[in-house]
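Let me begin by presenting the structure, written as structure tokens, before commenting on it.
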Amino acid sequence: MKYRASLPPTRYDVPTVIFHWGCAAIIVLQFATANSWGLFHNPLHHQLVVAHLTAGMVLSVLFPARLLWRLGWGRHIRAADRWLDAVLARGVEYSLYALVMLEIVLGYMWRWGNGQAMSFLSLQFMPPFGRFSASAISLLHGLHQWNGWLIIVLATGHGLAACFHYFILRDDVFQRMLVTGNASDEYGK
């Protein structure tokens, strides 16, 4: 592929970078809306819920596309030379992938299991199955909330690790996920 060969070997390819930052922005939006809509009355409360559901539906398409790109066509860069650093980096990366996919499934199951439609802007997607018991709804809601917090905690750690690399270690790890700039290190393959 000419496209991949023309990029510097120490950077992720442009689609990978766009997928990464796009998904990160949606996840932050999801967390912010879910943790703020209770502070407001209608119509703002309803608008935040619809924004959360709409962004969730976008993420439910974008995130699997990101994973497929990453597995099939995206550039692969070694996490680190040191074994422990590589294990921690990949462990957090794969944990975030799994938790985000789980969060998407929990969101749909909670909403539809409660007998409510998923909203994409003004379009309504009705539940494809019957309503769940109150205890199942409560469990799904709790899991969705706790999983969301776990994603934010891991993502914050991921971001802080990138800042540590940039400001303290002064290496080029952070620049790998930027579209522009000049980075060179020995990790690319």
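Could you state the accessible area per residue of the range 1-126 in Å², with a 1.4 Å probe and every protein chain left in place? If you can, show how the numbers build up before the last one.
On the way: 7130 Å² over 126 residues.
The answer is 57 Å² per residue.
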Filtered trypsin sites (Lys or Arg not before Pro), the range 49-144: DSSP coil and at most 16 other beta carbons within 10 Å: R78, R82, R131
Residues with amide H under 5 Å from that of F120, placed H, sequence gap 5 or more: F125
Helix 134-163 axis, angle to the chain major axis (alpha carbon atoms, nearest 10°): 20 degrees
The range 45-114, Rg to Rh (Cα coordinates; Rh as Kirkwood inverse mean 1/r): 1.12
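If I compute solvent accessible area with a 1.4 Å probe over the protein chains, what percent of it on the range 58-178 is carbon and sulfur? All intermediate terms of the calculation are to be shown ahead of the outcome.
Details: 5350 of 7320 Å².
Accessible surface attributable to carbon and sulfur in the range 58-178 totals 73 percent.
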Label selected from [x] 54, 35, 28; [y] 49, 42, 26; [z] 45, 36, 32, the criterion being Cα extents along the principal axes in Å as computed here: [x]
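Taking 8 Å as the Cα distance limit and 6 or more residues as the minimum spacing, I'd like the relative contact order of the chain as a percentage. Mind dumping the intermediate values first?
Working: 184 pairs, mean separation 54.5, N = 189.
It rounds to 29 percent for the chain.
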Whole-number Å³ per residue for the convex hull built on Cα positions in the range 86-128: 66 Å³
Charge dipole of the chain about the Cα centre (unit charges at C-beta), most positive-ward option of F31, F125, H45: F125
Net charge dipole size for the range 56-106 [Lys, Arg +1 and Asp, Glu -1 on Cβ; Debye, nearest 20]: 180 debye
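Chymotrypsin sites (Phe, Trp or Tyr not before Pro) within the range 113-170: which are DSSP loop residues with at most 11 other Cβ atoms inside 10 Å? All intermediate terms of the calculation are to be shown ahead of the outcome.
Working: sites: F120, F125, F129, F132, W146, W149, F164, Y166, F167; in loops: F129, F132.
Sparse-neighbourhood loop chymotrypsin sites (Phe, Trp or Tyr not before Pro): F129.
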Mean separation of Cα contacts under 8 Å, 6 or more apart, over the residue count of the range 88-165: relative contact order %: 32 percent
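The values are calculated or read from the model by the stated rules, or taken from the named source; none is laboratory data. What you are looking at is a predicted structure, and each value in this text was computed from that prediction instead of being measured. When we count neighbours, we look across all protein chains shown, and the Cβ atoms used for this are built from the backbone with ideal geometry, even at glycine. We work out accessible area using only protein heavy atoms, side chains counted, and drop any ligands, DNA or RNA first. Shrake-Rupley method; radii C 1.70, N 1.55, O 1.52, S 1.80 Å.
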